[in-house]
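Structure, as structure tokens:
What follows draws every value from the coordinates through simple rules; no lab data is involved. It should be emphasised that the depicted structure is a prediction, and the values quoted were computed from it without experimental measurement.
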Amino acid sequence: MAQRAPVLRDAAFRRILVTEPDHPYTGVWWPPGHGLGYEHTFVHEIADFVRDVAAGTPPAPSFADGLQVQRVLDAVERSSAAGAGWTAV
């Protein structure tokens, strides 16, 4: 008799409300209980970036951090093309 695949109860979309009073962006969106979507993440990123630039504070993560991530992704791609062996970053 064939075994059944396990039921994944958590493998689905879930609602996560981020408009509660303790959320850092709650003051710039609509009242609590109204959901924010994936696209709002980008609004938050740009708001943080503009705030840091206006304050003369280096943004975090920095462009150097982003470059390092791209270097790691490049090494992953090269490793995959070469048979998944160790590849220097």
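Using the Cα gyration tensor of the range 25-89, with a ≥ b ≥ c the square roots of its eigenvalues, what is the shape: rounded (a/c below 1.5), prolate (a/b larger than b/c) or oblate (neither)? All intermediate terms of the calculation are to be shown ahead of the outcome.
Details: a/c = 5.72, a/b = 1.93, b/c = 2.97.
In terms of gyration-tensor shape, oblate.
Can you tell me the length gained on complete extension of the stretch residue 38 to residue 78, counting 0.36 nm per residue apart and subtracting the Cα distance?
Values: separation 40, 0.36 × 40 = 14.40 nm, distance 3.04 nm.
That pair, residue 38 and residue 78, stretches by 11.4 nm at full extension.
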